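Heads up, the thing below is written out as structure tokens.
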Amino acid sequence: MPGTAPTVMEYRLSIEEIEFLRRLAASLAGTGRDIDDADFLTRIAGHAPALPHGLRGFLRGFRDGDRPACLVRGLPIDEARMGPSPTVCNRLRDKAFDEIRLEVVLVLLGSCLGDIFGWRLQHEGSVVHDLAPRPEHEALGFGTGSRQHINWHTEDSFHPYRADYLGLFCVRNTSGVTTTVGALDAGRLSAHERRLLFAPVFTFRPDPSYLTADASPLPDADLGGILFGDPGDPFLRFDQDYIEWPDVEGIGAAVEALRRAVEASLVDLPLRAGDFLLLDNRRAVHGRPAFVPTYRGADRWVKRINITRDLRRSRPRRRSDGDRVIHI
Ligand SMILES: O=C(O)CCC(=O)C(=O)O
Ligand SMILES: [Fe+2]
């Protein structure tokens, strides 16, 4: 069956835009060192309206449109000055100025789509997640693993406050590991299958990336439909490894049809240093094939940010209005 791969729109920064970003980010990075500091994040977000017009317009078009993914290429990064690919959490290590400046750039761009936030139980509450292989996670199927394939999924499908957008920035990928991206073409589903997939009877369970060293209990599962929103152009939440459904006539076949419809769309993107992939977490799925880690400092390294269009919605689970960390 021919694939219906989603078109990933690209924006390639000009030399002037790169220079502008480099200067703005350097001046902001001179005013704070802790990317998890709520005031620093707000200060950075306040400069998003000053980004070059073409870039801002591109991001705004993505936010307001119905594309599952877009790619901004050529962000300023001097890979050689980034240090070895980390095997510990962002929050728990010293970062060079170059790395903080880069994170400022990611927050600036992400702030054109919404508010950056983190999860207390993931990456120690950091708003920037370093996805690079860690020896202790080698066999596990999430971002800091490696030898285990990550099945395609929408991010944090179990959580009502999950991200509207996900940013995956490639710091280093000399080994050419791909990132899988796809989307649902609902036209491949019958009206009956869609009705079944809209029913709020699916149980969405958290994935093991929420298991922490301090043995906090896993967050609650959530009940809902795999499809939601407009029946003619539905949104999606799905993680095939962490979902259950009741024994209702036809429901398993409908899930299988959905799986096939998404699989027909999957593409493998070989992200390069400086590429920033932005995913609409209601339309796009993503994943990653297995790869062999070396732990010599040059492994694939991706920085991930979570973005919500409305931080206020999660206020019951945050400590204060300005706090960016969701306590599950
Ligand atoms: O490593 C990646 O590119 C994505 C990882 C991922 O999807 C996840 O940890 O949920
Ligand atoms: Fe993911």
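Brief remarks follow.
- Unmet requirement for P76, which otherwise passes all of (1) within 15 Å of ligand 1 (Cβ to nearest atom); (2) modelled with pLDDT under 95; (3) not basic (K, R): (1)
- Looking only at region 146-159, residues that are away from ligand 2 (no atom under 13 Å from the Cβ) and in contact with a helix residue (DSSP H, G or I) (Cβ under 8 Å, 6 or more places away or on another chain) come to 1 in all.
- Taking every residue in region 218-231 that is under 18 Å from P246 (Cβ atoms) and pairing it with any residue that is outside any loop (DSSP other than H, G, I, E, B) and among the charged types (D, E, K, R), at least 6 positions away or on another chain, the pairs with Cβ-Cβ distances below 9 Å are A221/E244; L227/R194.
- Restricting D115, D185, D164, D130 to those that are within 16 Å of ligand 2 (Cβ to nearest atom), over 17 Å from R300 (Cβ atoms) and in contact with a Ser or Thr (Cβ under 9 Å, 6 or more places away or on another chain) reduces the list to D164.
- The residue of region 142-174 that is farthest from E249 (Cα to Cα), among those that are polar (S, T, N, Q) and within 13 Å of ligand 1 (Cβ to nearest atom), is N173.
- Identity of the residue in region 180-204, closer than 14 Å to P246 by Cα and not hydroxyl-bearing (S, T, Y), that ends up surrounded by the fewest Cβ atoms within 10 Å (Cβ to Cβ): P200
- Filter result for R67 (modelled with pLDDT under 95, farther than 23 Å from W301 by Cβ and either surrounded by fewer than 22 Cβ atoms within 10 Å (Cβ to Cβ) or among the charged types (D, E, K, R) (or both)): no
- Only one entry in A38, A50, A80, A69 is more than 29 Å from A183 (Cα to Cα), touching a residue at least 60 places away in the same chain (Cβ under 8 Å) and among the small types (G, A, S), namely A38.
- Against the conditions (1) closer than 18 Å to R120 by Cα; (2) away from ligand 2 (no atom under 16 Å from the Cβ); (3) hydrophobic (A, V, I, L, M, F, W, C), A261 satisfies every one except (1).
- Here R260, R172, R237 are screened, and the one residue that is in contact with a Lys or Arg (Cβ under 8 Å, 6 or more places away or on another chain), under 30 Å from I100 (Cα atoms) and at pLDDT 95 or above is R172.
- Residue in region 251-272 that is surrounded by 20 or more Cβ atoms within 10 Å (Cβ to Cβ) and under 16 Å from the mean Cα position of the chain (by Cα) present: yes
- Flag if G187 is at positive phi and out of contact with any helix residue (DSSP H, G or I) (no Cβ under 8 Å at 6 or more places or on another chain): no
- Filter result for L189 (of a type in the set (A, V, I, L, M, F, W, C) and in contact with a Gly (Cβ under 8 Å, 6 or more places away or on another chain)): no
- For region 115-152, a residue qualifies if it is at positive phi and either assigned to a strand (DSSP E or B) or surrounded by fewer than 21 Cβ atoms within 10 Å (Cβ to Cβ) (or both), and the qualifying residues are E124, G125.
The values are calculated or read from the model by the stated rules, or taken from the named source; none is laboratory data. Note that the structure is predicted; figures quoted are calculated from it, not measured. A quick note on method: Cβ atoms are made from the backbone with ideal geometry, for glycine too, and the neighbour counts reach across all protein chains shown.
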